[in-house]
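Here the structure is laid out as structure tokens; the discussion comes afterwards.
The values are calculated or read from the model by the stated rules, or taken from the named source; none is laboratory data. Keep in mind that what you see is a predicted model, and the values were worked out from it rather than measured. All Cβ positions, glycine included, derive from the backbone under ideal geometry; neighbour counts span all protein chains shown.
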Amino acid sequence: MKPILLQGHERSITQIKYNREGDLLFSVAKDPVANVWYSVNGERLGTYNGHTGAVWCVDVDWDTKHVLTGSADNSCRLWDCETGKQLALLETSSAVRTCGFDFSGNIIMFSTDKQMGYQCYLNFFDLRDPAQIEDNQPYVSVPCSESKITSAVWGPLGDFVIAGHENGEINQFSAKSGEILKTVKEHTKQINDIQSAVDLTMIITASKDCTAKLFDSTSLDHIKSFKTERPVNSAAISPIMDHVVMGGGQEAMEVTTTSTRIGKFEARFFHAAYEEEFGRVKGHFGPINCVAFHPDGKSYSSGGEDGYTRIHYFDPQYFDFELEA
Amino acid sequence: MPSIEFDDSKPSWADQVEEEGDEGALPSPKETIKGNIKTVTEYKIDEDGKKFKIVRTFKIETRKASKAVARRKNWKKFGNSEFDAPGPNVATTTVSDDVFMTFVSNKEDLNAQDQDEDPMNKLKGQKIVSCRICKGDHWTTRCPYKDTLGPMQKELAEQLGLSTGEKEKAAAEPEPAQQAPSKTGKYVPPSLRDGGTRRGESMQPNRRADDNATIRVTNLSEDTRETDLQELFRPFGSISRIYLAKDKNTGQSKGFAFISFHRREDAARAIAGVSGFGYDHLILNVEWAK
């Protein structure tokens with residue numbers, strides 16, 4: 001396969017996300033500009049200009065009308081997807097680490113970092129109520145004093161948010177009251193990424209403890225574990241196959257000190273049921289920070305510390321391949 | 001669609017004459033569309049005055065998309081891409097080199113690979129040194145029995161009328177015999193190595209069994225797909241591989257295919273069963289692959 005290389009960022013990629021149909025791909029990086037691309041040919045549709053710091057997270061709503069970004073410039077911004085105009089600016093006291101639309105596109109959540117003497121907060125806004133946006137008053141704001149939230153996604157039906165913490169804990173926060181519904185701790189280190197399956201029944205977590213784990217999103221039952229020998233930065237579940245893709249590598253700060261080991265920056269494919277690795281794809285010059293499957297399962301993208309996003313359309317061999325059990 | 005658009009209208013003959021007058025005798029660019037293949041031929045003169053003919057081949061794909069997606073295709077570009085022309089901008093979008101998914105067949109392969117990276121792992125659990133006194137896994141000077149066993153051996157040797165030097169040699173002698181089976185250490189000629197008697201086995205192609213059970217199918221129709229062949233040949237036995245020759249550009253079959261069965265008997269039955277079989281208005285020809 002010939003990957004399409006997207007060079008829209010000057011610094012390392014922090015998150016990439018497809019919209020629901022998969023025709024658009026959003027990418028954000030540690031530079032202030034968020035990009036949106038046509039996934040079919042890699043053409044850049046536009047950029048969302050306005051942030052003044054690294055952008056940590058991006059999300060797009062169900063009908064691709066609005067885009068939400070959270071940044072280290074202590075703000076979370078809402079954009080019009082089509083024109084790139086800024087619709088709302090929500091200022092916070094510390095960097096915004098994760099953000100997301102619920103399935104209806106009406107309620108947004110974002111979490112802030114524990115930083116500069118401020119606590120980590122998980123905030124919920126209802127976009128149908130303009131007063132909340134104008135006054136910058138969330139209808140629910142949950143303080144997380146123990147360990148900060150490092151990744152979060154909405155659960156099924158918009159009832160709760162599943163959040164991964166710096167200490168490896170996974171919590172379900174109710175979107176109505178903000179109380180903690182369930183807690184599990186299967187990881188021993190920071191959770192770098194959480195992504196849900198296409199039907200929202202399962203989530204996959206990627207952790208610094210060198211594993212990715214599959215959980216039931218409602219009961220938070222631990223289903224499967226995928227082990228590697230390096231920290232996992234991101235993991236995604238294939239919508240059509242029983243496959244999982246994982247991206248990782250040494251931490252960026254350690255790359256220069258462990259230079260003799262090259263070629264450790266592959267995307268790795270695991271069989272979801274057998275927990276066994278069956279394939280690898282090379283390409284990035286640095287650790288992979290995020291991976292995402294196209295909603296049709298026929299391509300996937302990865303964003304790396306090297307600042308590139310690569311769209312890979314699978315070869316027919318990938319679909320024919322069967323793991324020998 | 002934001003894909004490369006082209007102008008169907010032909011330039012008027014007057015423009016053409018003008019252009020030709022400007023650039024000397026350069027033929028005008030040509031565009032031909034044949035099926036789903038578009039060929040663009042351009043001519044160019046570089047600084048040295050050399051003429052170039054540039055032929056580019058495109059594959060035109062029509063994709064069906066939902067209404068919402070199709071509408072989004074017509075969105076205007078904005079932000080930093082506001083002034084980009086339709087189609088991918090080479091400043092932000094490039095096609096990189098071919099990469100392939102490397103398939104890992106089993107876990108052992110992986111572990112072996114990981115161990116290779118650390119040469120010290122290999123040495124673990126292997127005897128590197130051998131004590132002359134007690135044959136233990138340490139240097140002679142560090143031997144715990146140095147003070148007790150050492151003098152005793154010396155005495156013994158003297159009693160037998162041998163010099164200590166010879167004694168040492170005698171003690172050392174059995175070593176090669178011991179070492180020989182271990183993988184590292186002294187050079188062992190290939191003929192004496194483990195399995196040296198199994199001659200030339202490794203040189204024979206692995207796929208031999210496979211090749212033996214491979215058949216060639218010719219006179220296939222252009223529309224044949226791998227799945228069709230699978231359906232056709234599966235009843236004869238389990239298939240290990242299907243290769244259908246296809247045109248690189250059009251993806252159409254070239255009319256022949258190779259099918260490898262796991263067992264030769266199955267292949268033989270397939271030949272007997274399908275040869276001369278009418279398939280898609282053509283009569284198939286099936287024989288052993290050479």
For the range B:236-279, which residues satisfy the criterion of being touching a helix residue (DSSP H, G or I) at 6+ places or on another chain (Cβ under 8 Å) and among the acidic types (Asp, Glu)? B:ASP266
Any chance B:VAL104 is at pLDDT 80 or above and at the interface with chain A (Cβ under 7 Å from one of its Cβ atoms): no
The one condition A:VAL36 fails out of (1) outside any loop (DSSP other than H, G, I, E, B); (2) surrounded by fewer than 24 Cβ atoms within 10 Å (Cβ to Cβ); (3) within 13 Å of chain B (Cβ to nearest Cβ) is (2)
State which residue is surrounded by the fewest Cβ atoms within 10 Å (Cβ to Cβ) when the search covers only the range B:32-80 and only residues that are away from every other protein chain (no Cβ under 14 Å), in contact (Cβ under 8 Å) with a residue 40 or more places away in the chain and in a strand (DSSP E or B). B:THR57
What strands (runs of 3 or more DSSP E) lie completely within the range A:44-115 and have 2 or more residues being of a type in the set (Asp, Glu)? none
Lone qualifier among A:THR47, A:THR52 - being surrounded by fewer than 24 Cβ atoms within 10 Å (Cβ to Cβ), within 12 Å of another protein chain (Cβ to nearest Cβ), at pLDDT 90 or above and under 18 Å from A:CYS76 (Cβ atoms): A:THR47
Within the range A:243-261, identify whether any single residue is within 11 Å of another protein chain (Cβ to nearest Cβ) and at pLDDT below 85, and answer yes or no. yes
Number of the exception - A:ASN136 against (1) surrounded by fewer than 23 Cβ atoms within 10 Å (Cβ to Cβ); (2) under 20 Å from the mean Cα position of the chain (by Cα): (2)
For the range A:303-314, state whether one or more residues are crowded, with 24+ Cβ neighbours inside 10 Å, away from chain B (no Cβ under 11 Å), under 19 Å from the mean Cα position of the chain (by Cα) and not acidic (Asp, Glu). yes
Flag for A:ARG11 being touching a Pro at 6+ places or on another chain (Cβ under 8 Å) and either more than 30 Å from B:LYS67 (Cβ to Cβ) or touching a residue at least 60 places away in the same chain (Cβ under 8 Å) (or both): no
Is it true that some residue in the range A:101-112 is among the hydrophobic types (A, V, I, L, M, F, W, C), within 14 Å of chain B (Cβ to nearest Cβ) and within 19 Å of the chain's Cα centre (by Cα)? no
Any residue in the range A:207-233 that is without any contact (Cβ under 8 Å) to a residue 12 or more places away in the chain sitting within a Cβ distance under 9 Å of a residue that is assigned to a strand (DSSP E or B)? List the pairs, counting only those 6 or more apart or interchain. A:ASP221/A:VAL184; A:ASP221/A:PHE215
Does at least one position in the range B:111-128 carry a residue that is surrounded by 11 or more Cβ atoms within 10 Å (Cβ to Cβ), polar (S, T, N, Q), at pLDDT 55 or above and closer than 18 Å to B:LYS186 by Cα? yes
Counting only residues that are surrounded by fewer than 19 Cβ atoms within 10 Å (Cβ to Cβ) and at pLDDT below 85, which one in the range A:283-302 is nearest to the other protein chains (Cβ to nearest Cβ)? A:PHE285
